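The values are calculated or read from the model by the stated rules, or taken from the named source; none is laboratory data. Quantities reported herein were computed from a predicted structural model and do not represent experimental measurements. Please note: Cβ atoms are built from the backbone with ideal geometry, for glycine as well, and neighbour counts cover all protein chains shown. For the accessible areas, the whole protein counts, side chains as well, though only heavy atoms, and no ligand, DNA or RNA atoms are used. Shrake-Rupley method; radii C 1.70, N 1.55, O 1.52, S 1.80 Å.
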Amino acid sequence: MRCPFCSADDDKVVDSRPADDAAAVRRRRECLGCGRRFTTHERVEELPLVVAKRSGDLVPFEPLKLRTGIEHAVAGSAIDDAAIDALAHEVEEKARAAGPEVRSETIGLAVLEGLRQLDLVSYMRFASVYKGFDTVDDFEAELVELQKSTEPKGRLA
Ligand SMILES: [Zn+2]
């Protein structure tokens with residue numbers, strides 16, 4: 001670390017302690033050139049999250065894009081901004097946990113999972129874009145799947 005006084009780049013650490021709620025380490029250093037002391041702060045570099053698209057392209061993860069996608073899916077529903085924020089945040093957390101490289105499918109599925117619990121219409125709308133349904137048949141097949149899995153158990157036919 002270059003000494004701010006004499007520009008020598010040889011020093012020894014004389015003290016090291018956690019700072020900023022342990023998110024950083026504060027180090028007291030002593031310059032071996034001039035003997036003066038200075039302080040450095042070291043923190044973990046935030047890892048960039050990269051999304052692997054179906055085409056194979058790698059693009060940087062954009063939280064705003066994710067939020068906009070969810071927003072479009074829930075437009076006109078009773079889902080409010082706070083719920084959208086919560087879902088976007090939850091999906092981002094999942095993506096970061098799976099990172100530093102995450103497949104776009106993984107993100108899409110996490111959104112679908114969240115929407116499915118929030119609002120069925122929004123879920124279908126997002127699914128149509130995300131899963132690329134072209135026909136009503138595709139939609140209906142998905143609906144049938146959905147009803148199967150949400151049907152109360154033990155009901156008489
Ligand atoms: Zn120095």
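Just so you know, in the range 92-150 the residues that are closer than 16 Å to Leu66 by Cβ and among the β-branched types (Val, Ile, Thr) include one that is modelled with the highest pLDDT, and it is Val102. Taking the range 54-67 as the search range and keeping residues that are open to solvent by 90 Å² or more (accessible area, probe 1.4 Å) and in contact (Cβ under 8 Å) with a residue 40 or more places away in the chain, which one is farthest from the chain's Cα centre (by Cα)? Within the range 54-67, the match that is farthest from the chain's Cα centre (by Cα) is Arg54. Report, ordered by the first and then the second residue, all pairs with beta carbons closer than 7 Å, sequence separation of six or more or different chains, a first member in the range 2-28 that is more than 19 Å from Glu45 (Cα to Cα) and more than 12 Å from the ligand (Cβ to nearest atom), and a second member that is of a type in the set (S, T, N, Q) and outside any loop (DSSP other than H, G, I, E, B). Between residues of the range 2-28 that are more than 19 Å from Glu45 (Cα to Cα) and more than 12 Å from the ligand (Cβ to nearest atom) and residues that are of a type in the set (S, T, N, Q) and outside any loop (DSSP other than H, G, I, E, B), the close pairs are Arg28/Thr39.
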